[in-house]
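Each reported figure results from applying straightforward, stated rules to the coordinates on display, with no laboratory input. Just so we're clear, the structure is a prediction, and the values are computed from it rather than from any experiment. Virtual Cβ from ideal backbone geometry, glycine too; neighbours counted across all protein chains shown.
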């Protein structure tokens, strides 16, 4: 009887351990949360960006002057924003007159969050620079904000920050591939953000209107927009005019060449 009880207790311990591992792996009960990352990431980034400014000889840049803010998301709309993983994305904005933000108002950072309350973040080189930079002495030194580590208090403030940024719609098609009826489709992707991408795209080939199709994408998803009317046989390219109701679209209408006119 005693041996049975001990075996039952051991089996129960195994079940609880496995359940705990599954729970941790799925994010349930984890100290890694969106709110904690949204507080820790911009604070760490601001300190390191100010350090980069000193290396470059830029004056007037301090962690406080940057007013850095972040909105973080794990796995897009299909996953809860909690738990460790390498699929966190954080949109970060800051104020530096010598390095203005793009039209969407932020840069996208890829973040790997660890169960110990620390993280590794990598920013967009078009905003933070490349892996090495040249300091005021002419030396090649490591760029402190190209990729960096940080940590947060696992018992720290977990109330929502309220920071929200719009999703960015990107046109991913580079070359048009008409179907048998000479109709074209446009591939688009919707980036991390609070609202997804909603609106419409109108396609024209010269003076011929190929149609207007709706955009309705959740964040971090892709879509194919097929236009109902065929491209005229003599058309060299097609222009796509994007109108956004929610989210941010291209600042200018992309024009793509037809086959044979690349």
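Listing for the model above:
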{"quantity": "Label-point separation, residue 252 to residue 182 (7 Å along Cα→Cβ), nm", "calculated": "2.8"}
{"quantity": "Pairwise FRET efficiency - residue 87 versus residue 141, Cβ, R0 = 35 Å, nearest 0.05", "calculated": "0.70"}
{"quantity": "Alpha-carbon spread of the chain, three principal axes, descending order, Å", "calculated": "86, 64, 32"}
{"quantity": "Full-extension gain in nm, residue 54 to residue 229, via 0.36 nm per residue minus C-alpha separation", "calculated": "57.4 nm"}
{"quantity": "C-alpha long axis of helix 2-26 to longest principal axis of the chain, angle in °", "calculated": "30"}
{"quantity": "Span from the the stretch 92-119 Cα centroid across to the the stretch 25-91 one, whole angstrom", "calculated": "6"}
{"quantity": "In degrees, nearest ten, helix 34-56 long axis to first principal axis of the chain (Cα)", "calculated": "70"}
{"quantity": "Euclidean distance between Cα centres, the stretch 158-206 to the stretch 221-259, Å", "calculated": "10"}
{"quantity": "Difference of contour (0.36 nm per residue) and Cα-Cα distance, residue 159 to residue 125", "calculated": "9.1 nm"}
{"quantity": "Sorted by Cβ density within 10 Å, fewest first, the residues 210, 169", "calculated": "210, 169"}
{"quantity": "Rounded, prolate or oblate (a/c below 1.5 giving rounded, otherwise prolate when a/b exceeds b/c) for the stretch 140-199 by Cα gyration tensor", "calculated": "oblate"}
{"quantity": "Net lengthening on full extension, residue 134/residue 99 (0.36 nm per residue, minus Cα-Cα)", "calculated": "10.9 nm"}
{"quantity": "Sorted peptide list for 143-149, 153-159, criterion being average Cβ within 10 angstrom, highest first", "calculated": "143-149, 153-159"}
